[in-house]
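*Asks:* Provided herewith is a single structure, encoded as structure tokens, for subsequent inquiry.
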Amino acid sequence: RLLEERYHLTTEFSEKENEEKDENRVISLVGIGMGTLDTLTMEGKRALEAGELLIGAGRMLERIKQPGQKTYIAYRPEEICQYIKEHPEYKRIAIALSGDVGFYSGAKKLLSVLEKELPQAQRKVYAGISSMIYFCGKLETCWEDVLPVSLHGRERNLVGLLRQNPRIFAIVGNSSGVAEVCRKLTAYGMGETKVFVGERLSYEDEKISRGRAKDFQETETDPLSVILLEWEEETEYVVTPGIPDGEFLR
């Protein structure tokens, strides 16, 4: 019994000590924009420079790492959290996330995992520049009436959405995504939809293309691509009450 009490006391002391250590840790989630340092905000830059440990995808860390900083390549929330727990020596940690942390970002799930596994640690979030805002700026167009969607690992009914929202911005996520969208639009009689394609935004080989959906049916793009769709519907549909065909007996 004495050993059991001593064990519980030791465990409680150890947990309390870990909690006190976690209170002194600052974990920053930083949206780094399109990928180049030019689209990184000043407060985001300061948060990354202050980090003793940088975590993120390899292509991101290559661009933002400073001399003397330790890095860990990871993007899964559970893996990131586990590594942080196993290395209490790092007090200032910066996690790099592409684009903006609030725009189809892994930050949402990561914050949830951090809150559960490291509740005592301070969390700071630094918004970045999203691909939609950057792309619309390049096109010299507003974005307050644009519906943002993501096709990266998701299925969306763009034909139906476009009939309800004449302007849609979409993150593509693969080299054939633009062609697939444009073929479907053309098949549904929407081949005249205006299409703007952005590839490798902010990089030196950035490319922006303009045309109609029917023109992009066989186009292969860089996996890092986005599209803006604009549909000007001319036909007015008349909706009337009626009896479904299945209700009639023949």
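The values are calculated or read from the model by the stated rules, or taken from the named source; none is laboratory data. Keep in mind that this is a model prediction, so the values were computed, not measured. Please note: Cβ atoms are built from the backbone with ideal geometry, for glycine as well, and neighbour counts cover all protein chains shown. Surface areas here come from the heavy atoms of the whole protein model, side chains and all, with no ligands, DNA or RNA. Shrake-Rupley method; radii C 1.70, N 1.55, O 1.52, S 1.80 Å.
*Asks:* Any idea which residue in region 166-191 is nearest to residue 35 (Cα to Cα), counting only those that are charged (D, E, K, R) and surrounded by fewer than 16 Cβ atoms within 10 Å (Cβ to Cβ)?
*Replies:* First, the residues of region 166-191 that are charged (D, E, K, R): 167, 180, 183-184.
With the extra rule that they be surrounded by fewer than 16 Cβ atoms within 10 Å (Cβ to Cβ), the set shrinks to 180, 184.
Working: 180: 26, 184: 31 Å.
If we take residues in region 166-191 being charged (D, E, K, R) and surrounded by fewer than 16 Cβ atoms within 10 Å (Cβ to Cβ), then 180 is nearest to residue 35 (Cα to Cα).
*Asks:* Identify, please: which residue in region 195-224 is within 23 Å of residue 144 (Cβ to Cβ) and of a type outside the set (A, V, I, L, M, F, W, C) and is, among those, modelled with the lowest pLDDT?
*Replies:* Taking region 195-224 and keeping what is within 23 Å of residue 144 (Cβ to Cβ), we get 195-198, 201-202, 208, 210.
Among the residues that remain, those that are also of a type outside the set (A, V, I, L, M, F, W, C) are: 198, 202, 210.
On the way: 198: 96, 202: 90, 210: 96.
Top of the filtered list is 202.
*Asks:* Okay, next question. Which one of these is touching a Gly at 6+ places or on another chain (Cβ under 7 Å), within 30 Å of residue 90 (Cβ to Cβ), part of a loop (DSSP other than H, G, I, E, B) and not hydroxyl-bearing (Ser, Thr, Tyr): 128, 153? Give the derivation first.
*Replies:* Working: 153 fails: within 30 Å of residue 90 (Cβ to Cβ).
128 is the lone residue from the list that is touching a Gly at 6+ places or on another chain (Cβ under 7 Å), within 30 Å of residue 90 (Cβ to Cβ), part of a loop (DSSP other than H, G, I, E, B) and not hydroxyl-bearing (Ser, Thr, Tyr).
*Asks:* Restricting attention to region 192-216, which residues are outside any loop (DSSP other than H, G, I, E, B) and open to solvent by 10 Å² or more (accessible area, probe 1.4 Å)? Full working, then the answer.
*Replies:* So in region 192-216, the residues outside any loop (DSSP other than H, G, I, E, B) come out as 194-199, 207-215.
If the condition is that a residue be outside any loop (DSSP other than H, G, I, E, B) and open to solvent by 10 Å² or more (accessible area, probe 1.4 Å), then 194, 196, 199, 207, 208, 209, 210, 211, 212, 214, 215 are the ones that fit.
A quick yes/no check of all residues on (1) β-branched (Val, Ile, Thr); (2) open to solvent by 50 Å² or more (accessible area, probe 1.4 Å):
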residue: 50; (1), (2): no, no
residue: 62; (1), (2): no, yes
residue: 71; (1), (2): yes, yes
residue: 90; (1), (2): no, no
residue: 94; (1), (2): no, no
